[in-house]
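Please treat every number below as a calculation from the coordinates, not as lab data. Because the structure is predicted, anything quoted here is derived from the model rather than measured. Every residue, glycine among them, receives a Cβ derived from its backbone with ideal geometry; neighbour counts consider all protein chains shown.
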Amino acid sequence: MAPAELENQGVEVVRPRFPTPQGQSLEAWFEAYDHAAASLLPAPTILVGHSQGAAMALRLVERAAAPFNGLFLAAGFIGALGLPDYDAINASFFAKPFAWAGIRERKGSACRCWAGDDDPYVPLLRSKEMADHLHAPLEVISGGGHLNSETGFNTFPQIRDAILAARGSIAGRSSS
């Protein structure tokens, strides 16, 4: 997904600069998110997370006092993947269980997940597990790999379209 495409449609896009891999931790990522989001005015907010960013998005929803308007996750997973290079730096995100009932209450009405059927890092069953906990649909993309530039996903039209559809739905509710 190219943020410029959304910005051209009037959507404000905030992309925190999360420290990774050096200094990567849940607390460091919360700090980066809080800093990036500090100047935002209250507005309908949709969270988007890819890979480890999906766990971050879940933690943001979990700690939120008010619901978000949507949650879109690609190549997401919960827990260690058996990849020593990544499991150690991801450990703080999974140190405690997710509070799924609260996450489902505050994730917003627009919630979808995507996964590649051949992801070399995140087994499809792990993305399905996350989607099942969210009670959200999982769209499996044939040949999608990790849904990143490594596998040709320099843009992700499915997420762009989902954000624009959710934005339209939010606008429709506020004008009725």
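One table, with the values for the structure above:
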quantity	calculated
Local net charge near Val61, Cβ-Cβ under 11 Å (Lys/Arg +1, Asp/Glu -1)	+3
Scattering curve values for the range 9-65, log₁₀ I(q)/I(0), Debye with Cα scatterers, q = 0.12, 0.14, 0.18, 0.23 Å⁻¹	-0.28, -0.38, -0.64, -1.03
Spread of Cα-to-Cα distances over 10 Å intervals beginning at zero, given as percent, for the range 1-98	14, 48, 30, 8, 0
Residues whose placed amide H lies under 5 Å from that of Cys111, excluding near-sequence neighbours	Leu71
Linear extension gain, Arg63 paired with Val11, 0.36 nm per residue minus alpha-carbon span	16.3 nm
Vicinal HN-Hα couplings computed from phi for the range 25-36 (Karplus, 6.51 cos²θ - 1.76 cosθ + 1.60; Hz; Gly/Pro x)	7, 4, 4, 5, 6, 4, 4, 5, 5, 4, 5, 5
Sequence-separation-based contact order of the range 60-160, relative, with Cα cut under 8 Å and 6+ spacing, percent	31
Over the range 88-176: Kirkwood hydrodynamic radius from C-alpha pairwise inverse distances, Å	15.0
Cα-based convex hull, the range 113-164, per residue volume (Å³, whole number)	68
Calculated P(r) of the chain - Cα pairs past 26 Å, %	26
Computed over the chain: relative contact order in percent, which uses C-alpha pairs under 8 Å that are six or more apart	21
All-pairs Cα distance distribution in the range 78-137, expressed in whole percent, bin size 5 Å	4, 16, 23, 24, 20, 11, 2, 0
Total charge dipole magnitude, the chain, about the Cα centre, Cβ charges on Lys, Arg, Asp, Glu only, Debye to nearest 20	560
